[in-house]
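Colleague: Sharing a structure below in structure tokens format, with a few things to ask.
Taken together, the values in this text are just the output of simple stated rules run on the coordinates, not laboratory data. Since we're looking at a predicted model, the values are computed, not measured. Heads up, the Cβs are rebuilt from the backbone with ideal geometry, glycines too, and the neighbour counts pull from every protein chain shown.
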Amino acid sequence: MRYLVTGCAGFVGSHLVERLLAQGGEVIGVDAFLENYPRERKLSQISGVLEQPSFRLVEGLLQEIDLEEILEGIDQVFHLAAVPGVRPSWGKAFQDYADNNLLATQRLLEACRESGIQRLIYASSSSVYGDTDRLPMHEDALTLPFSPYGVTKLAAEHMVRLYYRNFGLETVSVRYFTVYGSRQRPDMAIQRFLRVAAEGGSVTVFGDGEQSRDFTHVTDIADATLRAAARGTPGRVYNVGGGSRVTVNELLALIEQVTGCRLSIERTPAKPGDVRATLADCSSAQQDLGFTPRVSLKEGLEEQWAWLNSLADKAGQ
Ligand code: NAD
Ligand code: UGA
């Protein structure tokens with residue numbers, strides 16, 4: 001099978017590329033190396049696959065590159081490229097969210113419509129549900145995003161479904177719930193907290209720390225995404241969660257336990273766009289895809305902590 005992975009050098013994309021190559025696939029990866037975090041970090045995330053003959057990197061924006069040429073001979077597309085991050089999506093930055101999350105998706109879908117691809121899997125987000133106390137979140141629930149980022153993810157999800165309904169392009173969306181694990185983006189909570197454990201300083205908690213998340217390990221995310229490609233019902237959306245919900249305060253206590261480091265904590269006001277709670281109802285993914293999350297939060301934190309320490313070891317050599 002031949003795959004296109006957009007956002008291939010990112011946190012989730014780089015894990016997915018490795019899985020596709022390991023199962024014998026050929027992969028074209030597209031990434032524009034946007035500056036949400038350093039290019040060197042993104043390059044290091046794909047350093048293990050760059051030299052593999054079954055991988056080809058195309059550097060550029062989905063809005064600009066020759067998609068017709070890239071899609072030639074591709075069987076399935078995994079569309080992960082986006083500007084992520086909930087809290088920075090206000091103000092002038094919104095232009096980047098609109099361009100890279102919505103307009104880029106529309107251009108990709110148009111190109112896919114004209115090509116012979118079998119199916120497209122879209123990386124959507126729990127942020128489409130918004131700030132609700134109706135938990136767990138089910139795919140049939142009302143979607144009322146609470147951040148501009150969430151609006152772009154939902155709009156793109158609608159676009160993806162439209163191309164199935166109107167043109168028969170097989171599309172499946174997977175709504176990821178706060179992903180963590182090795183290579184987690186530097187702006188995300190767990191990566192920030194573990195770095196403080198490793199390097200010192202203080203963690204900053206936004207609000208009272210009683211907001212909760214269904215943290216999902218990246219290997220479970222990659223697994224569910226591959227299952228959606230193999231078995232997902234076209235036109236459908238599937239939640240992908242880690243199976244439990246913890247508050248930020250509980251997370252900090254668990255991080256202290258895993259790292260053996262006591263964290264100094266500063267508190268600032270809650271951030272606009274941050275929802276109070278997320279929790280995935282994964283029964284649709286379980287039923288249709290045979291997906292069950294396997295990695296507990298403690299195991300996942302241990303894995304991410306070991307990865308972070310291995311980077312420090314390499315830097316020290
Ligand atoms: P990431 O920033 O690590 O990876 C995204 C990659 O896409 C980046 O390397 C970036 O350079 C690239 N990119 C962005 N716009 C592009 C464009 N227009 N053309 C080409 N390349 C472009 O982010 P991530 O955390 O790996 O997120 C991957 C996907 O999963 C995103 O769609 C995000 O919205 C979604 N998602 C992530 C999480 C999470 O917790 N990480 C949760 C829900 C959904
Ligand atoms: C994450 C991703 O960043 C989004 O790209 C994604 O779309 C979203 O998950 C999702 O599930 O759809 P978020 O849940 O905000 O967003 O993930 P984190 O950045 O890990 O934050 C988790 C919680 O920790 C939030 O409530 C946040 O307010 C809090 N936090 C984060 C802090 O208190 N301090 C920090 O320094 C960072």
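Colleague: Counting other Cβ atoms within 10 Å, which trypsin sites (Lys or Arg not before Pro) in segment 225-293 have at most 10 and lie in a DSSP loop?
Modeller: Here the trypsin sites (Lys or Arg not before Pro) that fit, given the DSSP loop and packing criteria, are 262.
Colleague: Using a 10 Å cut-off around each Cβ, can you sort 261, 8 from fewest to most neighbouring Cβ atoms?
Modeller: 261, 8
Colleague: Where does helix 11-22 land angle-wise versus the long Cα axis of the chain, in degrees 0 to 90, nearest 10?
Modeller: So the helix axis and the longest Cα principal axis differ by about 60 degrees.
Colleague: May I ask for the angle, rounded to the nearest 10°, between helix 297-316 and the longest principal axis of the chain, with both axes built from Cα atoms and the value confined to 0 to 90°?
Modeller: 90
Colleague: Same structure again: Along the positive direction of the dipole of the chain (beta-carbon charges: Lys, Arg +1; Asp, Glu -1; about the Cα centre), which of 10, 104, 296 reaches farthest?
Modeller: 296
Colleague: Among bridges DSSP assigns within the chain, what percent are antiparallel (round to 5)?
Modeller: Among the beta bridges of the chain, antiparallel pairing accounts for roughly 5 percent.
Colleague: Using θ = phi - 60° and the Karplus curve 6.51 cos²θ - 1.76 cosθ + 1.60, what whole-Hz ³J(HN,Hα) does each residue of segment 194-202 get, with Gly and Pro shown as x?
Modeller: Once rounded to whole Hz, the list reads 5, 5, 5, 4, 7, 10, x, x, 10.
Colleague: Further question: How much net charge surrounds residue 312 when only other residues with a Cβ under 12 Å from its Cβ are counted (Lys, Arg +1; Asp, Glu -1)?
Modeller: Cβ neighbours under 12 Å give a net charge of 0.
Colleague: Now a separate question. Determine the dipole magnitude for the chain: charges of +1 sit on the beta-carbon of Lys and Arg, -1 on that of Asp and Glu, nothing else is charged, the reference point is the Cα centre, and the result goes in debye to the nearest 20.
Modeller: Here the chain has a charge dipole of around 420 debye.
Colleague: A further question on this structure: Could you please tell me the mean projected area of the C-alpha convex hull for the chain, averaged over all directions and given in square nanometres to one decimal?
Modeller: That works out to 15.5 nm².
Colleague: Work the Kirkwood hydrodynamic radius out for segment 166-215: mean of 1/r over every pair of different alpha-carbon atoms, inverted, in Å.
Modeller: For segment 166-215, inverting the mean 1/r across all distinct Cα pairs yields 13.7 Å.
Colleague: Please arrange 247, 105 by counting, for each residue, the other beta carbons lying within 10 Å of its beta carbon, fewest first.
Modeller: Sorted ascending by nearby Cβ count, the order is 247, 105.
Colleague: Another one. Let a ≥ b ≥ c be the square roots of the eigenvalues of the Cα gyration tensor of segment 30-107; is it rounded (a/c under 1.5), or, if not, prolate (a/b larger than b/c) or oblate?
Modeller: Here segment 30-107 falls in the oblate category.
Colleague: May I ask for the longest run of the chain untouched by GluC sites (Glu not before Pro) that are loop-located per DSSP and have at most 14 neighbouring C-beta atoms (other than their own) within 10 Å?
Modeller: 73-209
Colleague: For segment 218-317, rounded, prolate or oblate, judged on the Cα gyration tensor with a ≥ b ≥ c (square roots of eigenvalues), a/c < 1.5 rounded, else prolate if a/b > b/c?
Modeller: oblate
Colleague: A further question follows. For segment 134-176, divide the Cα radius of gyration by the Kirkwood radius and give the resulting Rg/Rh value with two decimals.
Modeller: My calculation of the ratio gives 1.01.
Colleague: What's the center-to-center distance, using Cα atoms, between segment 1-67 and segment 157-194 in Å?
Modeller: Here the two parts' Cα centres lie 16 Å apart.
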